[in-house]
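The values are calculated or read from the model by the stated rules, or taken from the named source; none is laboratory data. Note that this is a predicted model, so its numbers are computed, not measured. For neighbour counting, all protein chains shown are included, and Cβ atoms are generated from backbone atoms with ideal geometry for every residue, glycine included.
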Amino acid sequence: MSRHRIDRRHFLALGVAGGAAALVSACAGDDARTTSGQASSTDAGGGSGVHTIATGLYVPWGIAFLRHGTALVSQRDEASIVAIAPDGSKRIVGDVAGVAPRGEGGLQGIAMAPGDESVVFAYYTTDTDNRVATMTFDGERLGAPRPILTGLDAAYNHHGGALLFDRDGSLFVSVGDAAQADVAQDTAALNGSILRIDRTGRPWPGNPFGNEIWSYGHRNVEGMAFDAAGGLWATEFGANSTDELNLIRRGGNYGWPRFEGDSDAPDVIAPEVTWTTEEASPAGLAIVGERAYMGALRGERLWQIPLARTSTGSPAARYVGEYGRIRAVAAAPDGSLWFGTSNTDGRGRASADDDQILRITV
């Protein structure tokens, strides 16, 4: 594991205000229905201070909170959205029409613009592409999806899929390279990039390349979060040896496929923290206070990374092997952290309770 010093002046280059974690999800026309079983918050056993919020889920990918603490959780392979209350009660509020789950794709990131819970945003895979769509939400059910950004290349893997709003109302979208590595160095192509768009899908004014792209040279980003100073952080899956946590800058080139992990190239931004792929395979990301929390799939742990003024502290691995693959991570309105397992995705060892949503106080 290696670490690089962080220059907080990078935040000025970002040019965006800090934001809270993104919110909420997607469907078409089905009546709301209750999922089998209902879990109350109970001591999860293995990890100190970990409590089970909900069980019996199927590949929970994104967690997004409503104002009063209920979370909307996307189930990747079922293409459904589950509303989960802090007391553990849960119900499906809708299914997203047109989703065609395959490989690592399906229903992925969910988000809601700041101060507006009437429209939800979702990133998902169809038979022909990856796309971003909006859906109306009345608090009980989700409306039919209306695409705002289509034509993102899709493959078996490397979909990206994270969504995150900033306080200005712009939407950041992570798009994987769709297993075509060279596209990540092409600033005219949207795959292999982090995009910044408005609520209608148009490029945000002031984007560096005159299109939707905010940063490029990405292989597969599945987690994004803002820190208190406005810095945008993103997790990055490596190919063979090195996973990354990056501090994202406007117009920045993050190196893929020229580099995996560290680089001294003057035109490439090196990662702030790296891990071996055995330790990480990083997915969801949340920041609470001055600590980042990153889910690890292959690593089967939750990484806690201190974020200091000029450097990252030493990352600490929590709950190693206790809950299996950890994917979704989100900061709750009450200051706690929720994270979800991903043991039913075909690559994990699912228990009778999987998949689960767990809660810790941080």
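Assorted remarks:
- Residue in region 179-189 that is free of Cβ contacts under 8 Å to residues at least 40 places away in the same chain, of a type in the set (S, T, N, Q) and part of a loop (DSSP other than H, G, I, E, B) present: yes
- For Gly223, the conditions (1) surrounded by fewer than 24 Cβ atoms within 10 Å (Cβ to Cβ); (2) closer than 26 Å to Gly295 by Cβ are fulfilled apart from (1).
- A count restricted to region 155-169 and to residues that are within 17 Å of Val120 (Cα to Cα), in contact with a Lys or Arg (Cβ under 9 Å, 6 or more places away or on another chain) and surrounded by fewer than 18 Cβ atoms within 10 Å (Cβ to Cβ) stands at 1.
- Some residue of region 262-270 being surrounded by 16 or more Cβ atoms within 10 Å (Cβ to Cβ), modelled with pLDDT of 95 or more and more than 28 Å from Glu212 (Cα to Cα): no
- Number of the exception - Ser336 against (1) in contact (Cβ under 8 Å) with a residue 40 or more places away in the chain; (2) in contact with a Ser or Thr (Cβ under 7 Å, 6 or more places away or on another chain); (3) polar (S, T, N, Q): (1)
- Listed by first and then second residue, the pairs linking a residue in region 240-251 that is on the phi > 0 side of the Ramachandran plot to a residue that is assigned to a loop (DSSP other than H, G, I, E, B) and not hydrophobic (A, V, I, L, M, F, W, C), with Cβ atoms under 8 Å apart and 6 or more places separating them unless they lie on different chains, are Gly251/Pro208.
- Matching residues in region 53-86 - criterion: being farther than 16 Å from Ala331 by Cα and either assigned to a loop (DSSP other than H, G, I, E, B) or of a type in the set (Phe, Trp, Tyr) (or both): Thr55, Gly56, Leu57, Tyr58, Val59, Arg76, Asp77, Glu78, Ala79
- Residue match in region 249-258 (condition: over 25 Å from Ile63 (Cβ atoms) and in a strand (DSSP E or B)): yes
- Odd one out for Ser174, checked against (1) of a type in the set (Ser, Thr, Tyr); (2) touching a residue at least 40 places away in the same chain (Cβ under 8 Å); (3) outside any strand (DSSP E or B): (3)
- Residue check for Phe209: assigned to a loop (DSSP other than H, G, I, E, B), farther than 24 Å from Ile110 by Cα, of a type in the set (Phe, Trp, Tyr) and free of Cβ contacts under 8 Å to residues at least 12 places away in the same chain: no
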